[in-house]
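The values are calculated or read from the model by the stated rules, or taken from the named source; none is laboratory data. These numbers come from a predicted model, not from an experiment. Neighbour counts are summed over all protein chains in view; Cβ atoms, including those assigned to glycine, are modelled from backbone coordinates with ideal geometry. Accessible surface is based on the protein model in full, side chains and every heavy atom, while ligands, DNA and RNA are left aside. Shrake-Rupley method; radii C 1.70, N 1.55, O 1.52, S 1.80 Å.
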Amino acid sequence: MKLNNKTIIITGASSGIGATAAFLFASSGANVVLGARREKQLEQIVGQITQSNGNAISLAGDVADEAYARALVELAEKRFGGLDGAFNNAGTTGDMSSLPDMDSDNWHKVVSVNLNSGFYAAKFQIPALRKRGGGSIVFTSSFVGHTVGLPGMGAYAAAKAGLIGMTQVLAAEHGSENIRVNALLPGGTMTPMAGEDAKFHEVVRGLHALKRMAEPTEIANAAQFLLSEDASFVTGSAMLADGGNSINKF
Ligand code: NAD
């Protein structure tokens with residue numbers, strides 16, 4: 001029970017890595033506060049966790065909305081009495097195109113959902129963690145923009161790299177308050193974001209030293225590590241869980 005009695009916000013919890021993390025963290029004893037836009041999916045996940053004697057609650061909304069970040073923290077405090085951690089994981093690739101061809105609206109949307117959301121999350125989560133005497137925040141970044149430049153993903157790369165810079169500053173600002181902040185960098189992971197094109201999956205598998213893509217559980221496990229006391233001396237890191245994607249050249 002690595003997260004016993006910890007109250008943890010998970011965004012992007014309606015599918016993929018976030019949904020898997022919701023089940024994993026709840027089975028590790030956490031009270032989970034689930035966020036994403038799709039209310040019905042969130043309610044189904046809450047229902048399944050509750051049926052297995054776990055503790056979960058959800059609130060649907062857009063992570064690019066500052067008021068939603070505040071509402072998730074308020075919900076955690078009202079329902080479970082406080083906040084101990086957050087897996088700020090919602091993200092979107094947006095439309096793929098080279099930067100000169102990219103529509104400005106797409107740029108702003110991708111940066112809002114992937115990066116501005118991190119600022120809003122931190123703005124309300126840090127004071128809540130402070131009240132508890134500490135805690136842990138994890139942002140889902142990516143190998144894209146940190147170790148790999150993938151054509152067509154300029155806005156996504158900029159936003160995900162921005163999260164790493166913000167992680168470092170937050171870790172430095174709040175380490176003395178026993179608040180740890182880390183970025184998690186998954187490699188290609190079998191979620192709805194990766195689509196269903198078998199040929200594309202084959203190419204992506206080949207990018208990794210392990211010659212496969214990750215299962216969502218493998219990324220959720222890494223997030224759980226960062227949120228748990230097992231990672232008590234880990235802060236400010238950009239932790240790769242990328243199957244060797246970043247070091248692989250063949
Ligand atoms: P996914 O599409 O299954 O999940 C994304 C989640 O974010 C969904 O719950 C979606 O509803 C939510 N979301 C998207 N936009 C939102 C918004 N504006 N407001 C609220 N919620 C929103 O994909 P995933 O692979 O599970 O993605 C999780 C995270 O992992 C993302 O940040 C993604 O960028 C990152 N990531 C994924 C991969 C991969 O290969 N799948 C690789 C590296 C990083």
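Here are a few things to note about the model shown:
- Options Ile247, Asn53, Asn114, ranked by Cα towards positive dipole end of the chain, top entry (Cβ charges): Asn53
- Over the stretch 126-250, relative contact order from alpha-carbon pairs under 8 Å, at least 6 apart, %: 32
- If you sort Ser136, Ser27 by accessible surface, 1.4 Å probe, largest first, the order is Ser27, Ser136.
- With both labels modelled 7 Å from their Cα along Cα-to-Cβ, the Gln48 to Ala67 distance reads 3.1 nm.
- Between Ser97 and Glu39, residue separation times 0.36 nm minus the direct Cα-Cα distance comes to 17.9 nm.
- Area accessible to solvent at Arg205, 1.4 Å probe radius, in Å²: 90
- Under the convention that each Lys and Arg Cβ holds +1 and each Asp and Glu Cβ holds -1, the size of the dipole of the chain around its Cα centre is about 480 debye.
- Under 5 Å between amide hydrogens, built in the peptide plane, is the criterion, and for Thr7 it picks out Asn31, Asp84, Gly85 among residues at least 5 positions away or on other chains.
- The solvent-accessible area of Lys211, taken with every protein chain present and a 1.4 Å probe, is close to 100 Å².
- Length gained when the stretch Val234-Asn248 is fully extended (0.36 nm per residue, less Cα-Cα span): 2.5 nm
- Note on Lys2: aspartates and glutamates with a C-alpha under 18 Å away, same-chain residues under 8 apart excluded, are Asp84, Glu218, Glu229, Asp230.
- Remark: the stretch 7-247 carries 44 Å² of accessible area per residue (probe radius 1.4 Å; ligands, DNA and RNA excluded).
- The chain - percent relative contact order, Cα under 8 Å, separation 6 or more: 20
- One decimal place: the segment Asn178-Lys109 gains 21.5 nm when fully extended, by the rule 0.36 nm per residue minus the C-alpha distance.
- Where labels lie 7 Å past Cα in the beta-carbon direction, separation of Lys2 and Lys199 in nm: 3.9
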